[in-house]
Amino acid sequence: MGIKIDRAGVNMSITKKTIKSAIVVTLAMLLLIPIAHLVPMVQAQAYPREQTLIIGGAYWSMPPTVWNALIPGAGNSGIVGLIYEPLYIWVPIKPEGQRFIPWLAADLPKWIDLYTVEIKIRPEATWWDGQPITAEDVKFTFEYVPKVVTTAAWGGMANYITSVEVVDDKTVRIHLNKTNPSYGDFFYQLYEAPILPEHALKSLVDTYKKNLTDTSAWPVVAPNKDFKNIVASGMYRLIEIGQDYFIMERVDNWWGKNVKTYPFTGSLPAPKYIKGVVVYSNQVAANMLGAGELDWSCFYIPGGPDMVKRGLAKAFYSNYPYYLSANVAFLFVNTQKKPFNDPNFRKALYFAINIDKLISNAYEGGVVIKSNPVGFLPYWQDYLATDLIEQYGYKYDPNTAKALLDQAGYKDVNGDGWREAPDGSPIRISIIVPYGWTDWMFAAMSIQDDLRAVGIYAEAQFPDYGAYTQQIDRGEYDAAINNFGSFAAPSPYTLLYWAYGRWPPGMWVGNLGRYDNPQLRNLINQLGNLNPDLQKDQIKQVLRDIQKILLDEMPALPLWYNGYWFLASEKYWTGWPDEKNPYGVPTIWNGQWQHGGLLVLLNLRPAGAAVTTSPSPKSPSPTTTTPTSPQTTTSPTTPTQVVTVTVTVPTTVVSTVGAATVTATVTSVATVTTTSVSVSTSTVEVTNWTITAALAIALLIIGFAIGWLIKRK
């Protein structure tokens, strides 16, 4: 029996033999679909979408298997915050004096004297196994672990904590070294270091010591190195790790659910599950966000402002700049090389760079804010020496740049159009950023054009990330954009130490510009040994002295404040912080859940749920310290509406190849096409089954075609 099909002159006869061949071929091809890809999809079906919070923009390792509490920065975001918890959280957008918020601690630190601080632990705080969190656990974390596991992230505490005294089960007194109290690091670790359970981890610490921070051997510090054996205190526990995702489940006996005083809400966080996704493409992330397949994004999303305007996404600000400021992007120059060892040349560079143009070209018209010339984030406004900054008059002024260069002897002496060094040697500057970091690539090209406009030959170069970090680490570079250690912290000390205080320098320790100034390093060390709670006047004076050196020398060029890049979908979850309700910084980045991400989890509600008011602190309601934008409202899109968002950023690129100059316009286009659909119930990864079904049908058709060919043969 056969079925005759004649289509466009092609005669095909499908027989039983053809069908059998097609089925065999199809099954064989289906087996080629990676089983490892199918299994996670089957497992993910167990997690109802409306109970699952999907997050991304903080996870880059596949599979995301490293959850090592002793060295959190080397693993996945959330090991501190979601799983293990700190004594405090620190929320930079709150007013000064309200930023430290007790978490495991019951109250703010109480200073007995300049070098002794008392901290009480919440009476409700317990580990997952039901044992109470005690003063012995704090002593174990802050005193014992740094001495035994010297490579732990907070191992430096051994250099300035002389002892941790257990006053009672829920009270400790921490005694600091009187000659080197290192308050700058101590205050940082109060919200960064996770409190660890002595009863669960001491035997491992005693046995393996600093080997525990080797994440290749110890991806998880727990019995059998199994994440399911973790004993912690946080709101969520790991239950599944896939190739490009992980799943956390809410701890329903979490100790904080019964605490009704700020910042707690007297209830559990609303999402029962958290799914973290590893996504390498910002464009893919944009598609996921617009379709409601990503709830909480900390990716840099091309076209983010348009998505906000169209109601496809929510940002902290409803208009420019959309994002809160997170860190400082510097142009570091290698001060160990000529001509960058000359402060006059460095200052001329600053006057030559049009930062406003750079921001407009690289950041969609201005979704980041220009930095002040000393690189202080907006959260440190009280420490800014505005009179000094005005006195030096740093701004975009190419004529001033040319005059400074002329006075310092950097002139075009051979008539080729480019300036030479005072000794007559040519100047050729390369500006490096990692390939694929498109915003930084546009920024580097903008700087290249500005420097060429004042007669300095500069060229933007885009090595891969590995080569970029290697060149900086070895000091084999001219200039580079970087921001890795410049995040907000209780004091500018953390940023200043990273940017200028480390010697010897290196990519992963700081001082990328290799600026060797003992006077500045001494002032930074003085700053770190001043108590932010008790010595504010001295701190302001030291910071003023530091700013004068930075303005005199311009050792690195602060350009702009990178954003926290928060965007959210309100398809499944509402209650996100914004300019009208700035209760916390909505970030999931590693080490920064404590900036407000934990508060977000306590304030989220399922879409459509009744809005409840969270407990508030007794102090005045918080206000943000970053520039506010006009308050405009955006109407949400209607269900089943297809929206295309396109962002075009034109940039003129001038490159010299041999004797030829090539001018071209490079246009960065990001297009997001997505569908907003109202769905009442679904499951995580459900769309992947649709893709798999379509693939199976396609393979079946191919199988029939191959079967027909086999029959004919």
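The values are calculated or read from the model by the stated rules, or taken from the named source; none is laboratory data. These numbers come from a predicted model, not from an experiment. A quick note on method: Cβ atoms are made from the backbone with ideal geometry, for glycine too, and the neighbour counts reach across all protein chains shown. Each accessible area value is taken on the protein alone, full model and side chains, heavy atoms only, with ligands, DNA and RNA left out. Shrake-Rupley method; radii C 1.70, N 1.55, O 1.52, S 1.80 Å.
Only Cα pairs under 8 Å and 6+ residues apart enter the sum, and on that basis the relative contact order of the range 208-299 stands at 16 percent.
If only the Cβ of Lys and Arg carry +1 and only the Cβ of Asp and Glu carry -1, the dipole of the range 349-446 around its Cα centre is close to 160 debye.
Taking all protein chains as shown and a probe of 1.4 angstrom, K260 keeps an accessible surface of around 150 Å². Annotation: average projected area of the range 52-180 is 10.3 square nanometres, based on the convex hull of Cα atoms across all directions. Pairs of Lys residues in the range 328-393, spaced 8 or more positions apart or belonging to different chains, with C-alpha separations under 27 angstrom: 5 in total.
Rounded if a/c is under 1.5, else prolate if a/b is larger than b/c, else oblate: which is the range 264-365, with a ≥ b ≥ c the root eigenvalues of its Cα gyration tensor? Here the range 264-365 falls in the prolate category. A simple count of charges around I121, restricted to other residues whose Cβ falls under 12 Å of its Cβ and scoring Lys, Arg +1 and Asp, Glu -1, yields -4.
Each principal axis of the range 295-351 carries a Cα extent, and these read 51, 21, 16 Å when sorted largest first. Per residue, the average separation of C-alpha pairs within less than 8 Å and at least 6 apart gives the range 445-537 a relative contact order of 18 percent. Once C-alpha pairs closer than 8 Å and six or more residues apart are averaged by separation and normalised to the residue number of the range 284-331, the relative contact order reads 25 percent.
For the range 326-465, the convex hull spanned by the alpha carbon atoms encloses 125 Å³ per residue. For the range 171-228, the equivalent ellipsoid derived from the alpha-carbon gyration tensor has semi-axes of 28, 13, 12 Å in decreasing order. The residues of the range 72-194 present an accessible area of 33 Å² per residue when probed at 1.4 Å with all protein chains retained. For the range 184-293, taking the reciprocal of the average inverse distance between every pair of different Cα atoms yields a Kirkwood hydrodynamic radius of 17.1 Å.
In angstrom, the C-alpha Rg and Dmax of the range 483-580 are 17.2, 54.
Size descriptors for the range 235-307: radius of gyration and Dmax over Cα atoms are 15.6, 42 Å. For the listed residue pairs K548/K580; K395/K536; K120/K209; K257/K314; K275/K314; K228/K260, the alpha carbons are over 26 angstrom apart in K548/K580; K395/K536; K120/K209; K257/K314; K228/K260.
How far is the Cα center of the range 98-139 from the Cα center of the range 333-398, in Å? The range 98-139 and the range 333-398 have Cα centres separated by 41 Å. The charge dipole of the range 486-596, taken about its Cα centre with unit charges on the Cβ atoms of Lys, Arg (+1), Asp and Glu (-1) only, comes to about 140 debye. Estimated at 0.36 nm per residue, the fully extended path between T65 and Q381 surpasses their Cα-Cα distance by 109.8 nm.
What does the C-alpha gyration tensor say about the overall shape of the range 378-423? Classify as rounded when a/c is under 1.5, otherwise prolate if a/b is larger than b/c, or oblate. Prolate. Between A453 and K228, what FRET efficiency follows from the Cβ-Cβ distance if R0 is 60 Å, with the result rounded to 0.05? It comes out at approximately 0.50.
Under the rule a/c < 1.5 gives rounded, and otherwise a/b versus b/c splits prolate from oblate, where does the range 100-139 land using the Cα gyration tensor? Verdict is prolate for the range 100-139.
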